[in-house]
Structure formats: structure tokens, C-alpha cells
């Protein structure tokens, strides 16, 4: 959302007839100026052919261990808004804890251990 300095964005999700998500393509409005642009697709960005809990866990681990994946993730997180990307990347560990731990106590424990 532009409220937090991100570019406006939306995703078109690919869903099978059975209801399984197979991926998505993200579009953004760079510098909040028309036209909308294709930003990336899940499989191109992360080299994953399936959008599953297992592949999302692999990406989460890569964010923690691979600076290139981390930078890419936060560029996409802000939909290409460079200041918002830099701000989020500077605080990446807190966001990363949020990806790993949903319960509040676990999130607090992870974030406070940093």
C-alpha cells in the first residue's frame, strides 16, 4: 500500500479447478503512475514450479540465509519502491521472524533474540 511507501500492487493468482494455487503474477504501479506494469511471477522470481507450503518454507529459509534472495524478496515486498525496499531490508530480521512464527509469543521470542 502507498500508505507505507510501497507502490500500489495486485496479484493475479493461478488456481486449478480443484482449488489448488499454482502460482501468481504480480503487477504494480511504479511511482504511482499509469500504466500498470507486470512486476514478476512467482515461478520466475523464486525458481519454484509449485506454490505449496513446502516451497514457501524453502523461500523463507532462503531469505534468512541468502542475501540475494532476501534483497529480491524485499524489492517485491514493496512493489519496487526503492525507499520502502531499503527500509524493510534494514529491518529484515523482524520480517523474517514474522514469516516463520505466527503465534505472538514465538514472534516476540524470535524478534527479541535478534
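The values are calculated or read from the model by the stated rules, or taken from the named source; none is laboratory data. In this text the structure is predicted, and so the values were computed from the model without any measurement. Here the Cβ positions follow ideal geometry from the backbone for every residue, glycine too, while neighbour counts run over all protein chains shown.
Annotation: residue 29 fulfils all but one of (1) at pLDDT below 90; (2) over 19 Å from residue 89 (Cβ atoms); the unmet one is (1).
Which of the residues belonging to region 85-107 are at pLDDT 70 or above and over 25 Å from residue 6 (Cα atoms)? So that I can check it myself, show each step before the final result.
So in region 85-107, the residues at pLDDT 70 or above come out as 85-100, 105-106.
Answer for region 85-107, where residues must be at pLDDT 70 or above and over 25 Å from residue 6 (Cα atoms): 105, 106.
Entry remark, region 40-50: residues being exposed (fewer than 15 other Cβ atoms within 10 Å of the Cβ) and within 22 Å of residue 85 (Cβ to Cβ) number 2 in total. Scanning region 2-39 for residues that are in contact (Cβ under 8 Å) with a residue 24 or more places away in the chain, surrounded by 16 or more Cβ atoms within 10 Å (Cβ to Cβ) and over 20 Å from residue 83 (Cα atoms) turns up 23, 24.
Among the residues of region 73-84, how many are within 12 Å of the chain's Cα centre (by Cα), within 18 Å of residue 94 (Cβ to Cβ) and in contact (Cβ under 8 Å) with a residue 12 or more places away in the chain? Break it down stepwise before answering.
Within region 73-84, the first condition is being within 12 Å of the chain's Cα centre (by Cα), and the residues that meet it are 73-80.
Then drop every residue that is not within 18 Å of residue 94 (Cβ to Cβ), which leaves 73-78.
Among the residues that remain, those that are also in contact (Cβ under 8 Å) with a residue 12 or more places away in the chain are: 73-74, 76-78.
The number of residues fulfilling the criteria is 5.
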